[in-house]
Amino acid sequence: MIKRIGILTSGGDCAGLNAVLRAVVLHAVSNKGWEVIGLHQGTAGLMARPVSAERLDPYTMTTVLLRQGGTVLGTTNRGDPFAFPMADGHTVDRSEEVIEGYRLLGLDAVIGIGGDGSFQILRRLAQQGGLNLVGIPKTIDNDLGLTEISVGHDTAVQVATEALDRLQPTAASHDRVMILEVMGRDAGHIALSAGIAGGADVILVPEIPYRMERVAAKIDDIKRQGRNFALVVVAEAVPTEAGDTVTRVHVGGKATYGGIGHHVSERLAALTGAETRVTVLGHLQRGAPPDARDRVIAQAFGVHAVDLIAAGKFDRMVAWQNRRVIDVPILEAIERNQVVDPDGTLVHTARGLGISFGD
């Protein structure tokens, strides 16, 4: 019989996480009579001794959380418990500490809110320790399989679209080509959707090979038609024409995507003679208050996750298909990585609008 469940946020933050937490607590405590324990900093909270966690009360889960970005529980995208980095540089397996933390709290199940990387780790922990796990998909990249939408993606697209709305008047005022670099990891969903919504002239995504000469030809064609500005959206994982990935190395040696916008800017300026400027949105796409759709999806996912636990259905991920909430095996969702379909509806739509992909 279920009496106490845990919930954690893992991986990069995004809009809508707190809305998920609120929905889980309201449904689990008020309707099921369970106790909900919030785990701090993802699996790191379960490794801490004493375990870093707090009891979540419905009375503190106010509507303020619906509007609040980030996660009140904290999160981390570092410190894989199976290869945990130590101060001297070597790694150790601390997975049993996480499992022990689950048992010390007396949890009957845990809800993990994460992306594919988080789910790979959480599922492995659940398999090893016999833990009851339910997953809720969140990723601005929207690259998890078997779900049409993940928590956080819609708001990230909205932020990128608003950036294009703000860049357009400046581009027109100064006769410039504005390049907007957006997140998305290895998928171009944010760039594609925002580019269509924001009236971009060029969209570059990692799924569609491009030639800079084709992009330059599009810019020149815009000039010939009498328009003095252009908007270009570039997904962070787009390689150079030579196929090289553009990354930045941070303190500690971790490399992340970043910088392709500047490469595109320099090449376009050289090929067209246009004045170019680059805007890199970066983490602005993560920290915004969730938009209406993310709030609705987050709460629908939270309620369904509680229902799955009540039904004894574990190793499942909540998903959205055909305008309704369903659940799918976590492993299948991880294995079916969802990137932009070059022959899909949105690419066809963009081409029909005259948007160039540089191919």
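The values are calculated or read from the model by the stated rules, or taken from the named source; none is laboratory data. As the structure is a prediction and not an experimental result, all values here were calculated from the model. Neighbour counts are summed over all protein chains in view; Cβ atoms, including those assigned to glycine, are modelled from backbone coordinates with ideal geometry. SASA here: full protein model, heavy atoms, side chains in, ligands and nucleic acids out. Shrake-Rupley method; radii C 1.70, N 1.55, O 1.52, S 1.80 Å.
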Query raised in the report: What ³J(HN,Hα) values, in whole Hz, does the Karplus curve 6.51 cos²θ - 1.76 cosθ + 1.60 give for the stretch 17-33 when θ = phi - 60°, with x put for Gly and Pro?
Result: 4, 5, 5, 4, 4, 4, 5, 4, 5, 4, 6, 5, 7, 6, 9, 9, x
Query - Estimated vicinal HN-Hα couplings, Hz - the stretch 331-339 in sequence order (Karplus 6.51, -1.76, 1.60; Gly, Pro = x) - result: 4, 5, 5, 5, 6, 9, 4, 10, 10
Query raised in the report: Nearest 10 degrees, 0 to 90: what angle lies between the long axis of helix 116-129 and the longest principal axis of the chain (Cα atoms)?
Result: 20 degrees
Report summary line: Per residue, accessible area of the stretch 215-359 with a 1.4 Å probe, heavy atoms of protein chains only, in Å², comes to 50 Å²
Requested in this report: Tally the DSSP beta bridges in the chain and give the antiparallel ones as a percent, rounded to 5.
Outcome: 30 percent
Query raised in the report: How would you rank 272-279, 84-91, highest first, on the average number of other Cβ atoms within 10 Å across their residues?
Result: 272-279, 84-91
Requested in this report: Using θ = phi - 60° and the Karplus relation 6.51 cos²θ - 1.76 cosθ + 1.60, list the HN-Hα couplings for the stretch 201-214 in order, rounded to whole Hz, with x at every Gly or Pro.
Outcome: 8, 9, 10, 10, 10, x, 7, 10, x, 9, 10, 4, 5, 5
Query raised in the report: Where the centre of each part is set by its Cα atoms, how far does the stretch 289-303 sit from the stretch 59-94, in angstrom?
Result: 21 Å
Report summary line: Spelling it out for R316: with amide H atoms placed in the peptide plane at 1.01 Å from N, the residues 5 or more places away or on another chain with amide H under 5 Å from its amide H are G135, I330
Query raised in the report: What order do you get for 108-118, 333-343 when each peptide is scored by the mean count of other beta carbon atoms within 10 Å, highest first?
Result: 108-118, 333-343
Query raised in the report: Considering only protein heavy atoms, what per residue accessible area in square angstrom results for the stretch 16-95 with a 1.4 angstrom probe?
Result: 47 Å²
Query raised in the report: Whose amide H sits under 5 Å from the amide H of G16, counting only residues 5 or more places off or on another chain, with H placed in the peptide plane?
Result: G70
Report task. Please give every one of the lysines within straight-line cross-link reach of K3, meaning a C-alpha to C-alpha distance under 20 Å, and leave out same-chain neighbours fewer than 8 residues apart. Result -> K32, K313
Query raised in the report: Amide H neighbours of G6 under 5 Å, counting only residues 5+ apart in sequence or on other chains, H built in-plane at 1.01 Å?
Result: I37, D108, A109, V110, I111
Report summary line: Surrounding charge for V25, neighbours by C-beta under 14 angstrom, Lys/Arg +1, Asp/Glu -1, total +1
Requested in this report: Name the aspartates and glutamates eligible as straight-distance cross-link partners of K218: C-alpha to C-alpha under 19 Å, and not fewer than 8 places from it in the same chain.
Outcome: D175, E181, D201, E241, E266, E275, D359
**Report entry** Difference of contour (0.36 nm per residue) and Cα-Cα distance, L331 to A292
**Finding:** 11.1 nm
Query raised in the report: Ignoring ligands, DNA and RNA, what percent of the accessible area of the stretch 107-176 is carbon or sulfur (1.4 Å)?
Result: 39 percent
Report summary line: Listed by chain and number, the lysines with an alpha carbon less than 23 angstrom from that of K254, same-chain partners under 8 positions apart left out, are K138
Report task. Multiply the residue separation of V92 and R277 by 0.36 nm, subtract the distance between their alpha-carbon atoms, and state the gained length in nm to one decimal. Result -> 62.1 nm
**Report entry** Cα-based helix-to-principal-axis angle, 292-310 vs the chain, degrees rounded to 10
**Finding:** 30 degrees
Requested in this report: Rank-order 126-135, 323-332 by packing density, defined as the average count of other C-beta atoms within 10 Å over each peptide's residues, highest first.
Outcome: 126-135, 323-332
Report task. Note the full-extension length gain between D175 and Q127 as 0.36 nm times their separation in residues minus their Cα-Cα distance, in nm to one decimal. Result -> 11.5 nm
